[in-house]
Ligand SMILES: CC(C)(COP(=O)(O)OP(=O)(O)OC[C@H]1O[C@@H](n2cnc3c(N)ncnc32)[C@H](O)[C@@H]1OP(=O)(O)O)[C@@H](O)C(=O)NCCC(=O)NCCS
């Protein structure tokens, strides 16, 4: 398969950038195409002109990485760049990608997925993704700095919110495991034998920060809620999904099941937002599972809007 001339890549990227900016100013400029497992897939229009590009990457997430709890162990990811908004180019590229994956024996294994990240508001892409057997799984949502919290939100009686410290390691681990168990209902997380130990090690690292970016909500001195944020220096892995600027990642948000629906989550998030705004964070990103019935509406009310949807076929060979 031939490599694509740079002027073709630049031309398509220019069109993609224009479209992304017209649908959401929080989206980034499209970056360079990533290095793929082979030359980019190319879709052509009726005149034989390149109308879209697709780059396939293979990722093997090791057992000792917490990332393996947040998805399958083997991931085949397609970066799609389309010149226009019609479905033809997306269909051509997804068909070529399906044929490529069908030739790889490991795509039939249970713990694999084929993944496409697509701007949530770019609705013209939805039908081709569905047609090829992909399902909307995770959403990346974003909140620009200073976005006001609606009136009346952010108060809960008898609630104390404080920064967590190293003494909180057990409770932070327990509440974080609560999120993982809850998200497992939607396939958002896949609890692994190593998950709890990895969560604990990760929490220990985060609790050592000065100041910490972890907050605990307590009622009558009992921990009832947890928020964990990755500061901008640790959030580079996801910062490129939004426009440039100091970007933090809200990694964990959890309220104990018996305490939900009474304003604790909103109070905790408001507290965290005030801190993030004061610390100069310009964009906060987070993930939620598309079908989590609690998180989407909650995050929307807290000032977040969906930016990217991750579409998946599991196992990867289920792509059609
Ligand atoms: C998402 C979560 C953190 C929200 O915490 P919470 O304490 O229930 O949040 P709140 O009580 O502030 O708000 C929840 C809902 O209750 C409503 N509510 C708030 N105060 C209320 C009150 N006093 N009485 C009745 N309802 C109330 C809110 O309107 C809100 O509705 P919305 O979700 O449609 O916006 C919590 O449900 C949770 O831990 N879920 C499981 C883990 C999870 O999904 N985490 C997020 C992963 S991305």
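The values are calculated or read from the model by the stated rules, or taken from the named source; none is laboratory data. These numbers were taken from a predicted model, which means no experiment stands behind them. When we count neighbours, we look across all protein chains shown, and the Cβ atoms used for this are built from the backbone with ideal geometry, even at glycine.
Would a scan of segment 276-291 turn up a residue that is within 14 Å of the ligand (Cβ to nearest atom), outside any strand (DSSP E or B) and either over 20 Å from the mean Cα position of the chain (by Cα) or crowded, with 21+ Cβ neighbours inside 10 Å (or both)?
The answer is no; no qualifying residue exists.
So, in segment 16-52, exactly how many residues are in contact with a strand residue (DSSP E or B) (Cβ under 8 Å, 6 or more places away or on another chain), surrounded by fewer than 18 Cβ atoms within 10 Å (Cβ to Cβ) and in a helix (DSSP H, G or I)?
1
Look through 303, 296, 265 and report the one residue that is assigned to a loop (DSSP other than H, G, I, E, B) and in contact (Cβ under 8 Å) with a residue 12 or more places away in the chain. Steps first, please.
Values: 296 fails: assigned to a loop (DSSP other than H, G, I, E, B); 265 fails: assigned to a loop (DSSP other than H, G, I, E, B).
So the residue among 303, 296, 265 that is assigned to a loop (DSSP other than H, G, I, E, B) and in contact (Cβ under 8 Å) with a residue 12 or more places away in the chain is 303.
Kindly indicate whether residue 253 is within 27 Å of residue 118 (Cα to Cα), in contact (Cβ under 8 Å) with a residue 60 or more places away in the chain and near the ligand (Cβ under 9 Å from one of its atoms).
Numbers: within 27 Å of residue 118 (Cα to Cα): yes; in contact (Cβ under 8 Å) with a residue 60 or more places away in the chain: yes; near the ligand (Cβ under 9 Å from one of its atoms): yes.
Spelling it out, residue 253 is indeed within 27 Å of residue 118 (Cα to Cα), in contact (Cβ under 8 Å) with a residue 60 or more places away in the chain and near the ligand (Cβ under 9 Å from one of its atoms).
For residue 117, are the conditions met, namely being in a loop (DSSP other than H, G, I, E, B) and either modelled with pLDDT of 95 or more or at negative phi (or both)? If you could, list the steps in order and put the result at the bottom.
On the way: in a loop (DSSP other than H, G, I, E, B): no; either modelled with pLDDT of 95 or more or at negative phi (or both): yes.
Against the criterion (in a loop (DSSP other than H, G, I, E, B) and either modelled with pLDDT of 95 or more or at negative phi (or both)), residue 117 does not qualify.
For the list (1) at pLDDT 95 or above; (2) farther than 30 Å from residue 30 by Cβ, I need the number of the one condition that residue 288 fails.
(2)
May I ask you to say which residue of 258, 262, 303 is surrounded by fewer than 19 Cβ atoms within 10 Å (Cβ to Cβ), more than 7 Å from the ligand (Cβ to nearest atom) and either at pLDDT 95 or above or farther than 21 Å from residue 143 by Cβ (or both)? Give the steps one after another, and end with the answer.
On the way: 262 fails: more than 7 Å from the ligand (Cβ to nearest atom); 303 fails: surrounded by fewer than 19 Cβ atoms within 10 Å (Cβ to Cβ).
Answer to the selection: 258.
Against the definition (within 20 Å of residue 287 (Cβ to Cβ) and either touching a strand residue (DSSP E or B) at 6+ places or on another chain (Cβ under 9 Å) or not in a helix (DSSP H, G or I) (or both)), how does residue 217 come out, yes or no?
Against the criterion (within 20 Å of residue 287 (Cβ to Cβ) and either touching a strand residue (DSSP E or B) at 6+ places or on another chain (Cβ under 9 Å) or not in a helix (DSSP H, G or I) (or both)), residue 217 does not qualify.
Considering only residues that are out of contact with any helix residue (DSSP H, G or I) (no Cβ under 9 Å at 6 or more places or on another chain) and under 25 Å from residue 95 (Cβ atoms), which ones fall in segment 24-41? Show your work before the answer.
Step one: list which residues in segment 24-41 are out of contact with any helix residue (DSSP H, G or I) (no Cβ under 9 Å at 6 or more places or on another chain), which gives 24-26, 34-36, 39.
Hits for segment 24-41 are 34, 35, 36, 39.
Conditions tested, residue by residue: (1) part of a loop (DSSP other than H, G, I, E, B); (2) under 23 Å from residue 160 (Cα atoms); (3) out of contact with any helix residue (DSSP H, G or I) (no Cβ under 7 Å at 6 or more places or on another chain).
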{"position": "202", "(1), (2), (3)": "no, no, no"}
{"position": "206", "(1), (2), (3)": "no, yes, yes"}
{"position": "229", "(1), (2), (3)": "no, yes, no"}
{"position": "238", "(1), (2), (3)": "no, no, yes"}
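Of all residues in segment 220-242, how many are farther than 15 Å from residue 203 by Cα, more than 15 Å from the ligand (Cβ to nearest atom) and touching a strand residue (DSSP E or B) at 6+ places or on another chain (Cβ under 7 Å)?
Residues in segment 220-242 being farther than 15 Å from residue 203 by Cα, more than 15 Å from the ligand (Cβ to nearest atom) and touching a strand residue (DSSP E or B) at 6+ places or on another chain (Cβ under 7 Å): 5 in total.
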